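Okay, so here's the structure we're looking at.
The values are calculated or read from the model by the stated rules, or taken from the named source; none is laboratory data. Everything numeric here is computed off the predicted structure, so don't read it as measured data. For neighbour counting, all protein chains shown are included, and Cβ atoms are generated from backbone atoms with ideal geometry for every residue, glycine included.
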């Protein structure tokens, strides 16, 4: 991901070590992806993704599914997608242009977001069935 320095559009670009336009952070408390104090924003009218002033909107709160490698907002069930180097939201279809690898440093922050209650209960049940204490695993 890269944030254009002039128009704040978020797009795909070759990784360049040290490029400040490619530095994004995830805050597990607010569930926001930020770039230079601005939030990654999904405009549901145009489906475009760009950075903008942070607010409390569900279109700025992101979730990641480790199994499908999809990024979604809490606004709707559309997936982050890219074509012609631009990032936008689109109906999920499982294509490679909707799969994203997130930085390892984000994993601890997002892991609890991708495990729904049923999955967590299933894992807990399996571990208890095999006499493994819940404290023996972590997400």
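Across segment 1-12, the qualifying residues are those that are assigned to a loop (DSSP other than H, G, I, E, B) and under 14 Å from residue 49 (Cβ atoms), and the one among them that is nearest to the chain's Cα centre (by Cα) is 1. For segment 83-100, a tally of residues being in a strand (DSSP E or B) and either touching a strand residue (DSSP E or B) at 6+ places or on another chain (Cβ under 7 Å) or on the phi > 0 side of the Ramachandran plot (or both) returns 5.
Among the residues of segment 14-24, count how many are out of contact with any helix residue (DSSP H, G or I) (no Cβ under 7 Å at 6 or more places or on another chain) and in a loop (DSSP other than H, G, I, E, B).
Residues meeting the conditions: 6.
Number of residues in segment 64-76 that are over 18 Å from residue 35 (Cβ atoms) and either at pLDDT 95 or above or in contact with a strand residue (DSSP E or B) (Cβ under 9 Å, 6 or more places away or on another chain) (or both): the value is 7. Please tell me if residue 52 is surrounded by 14 or more Cβ atoms within 10 Å (Cβ to Cβ), at pLDDT 95 or above and in contact with a helix residue (DSSP H, G or I) (Cβ under 9 Å, 6 or more places away or on another chain). So residue 52 passes the test.
Return the total of residues in segment 25-43 being in contact with a helix residue (DSSP H, G or I) (Cβ under 6 Å, 6 or more places away or on another chain), surrounded by 14 or more Cβ atoms within 10 Å (Cβ to Cβ) and part of a loop (DSSP other than H, G, I, E, B). Qualifying residue count, segment 25-43: 0.
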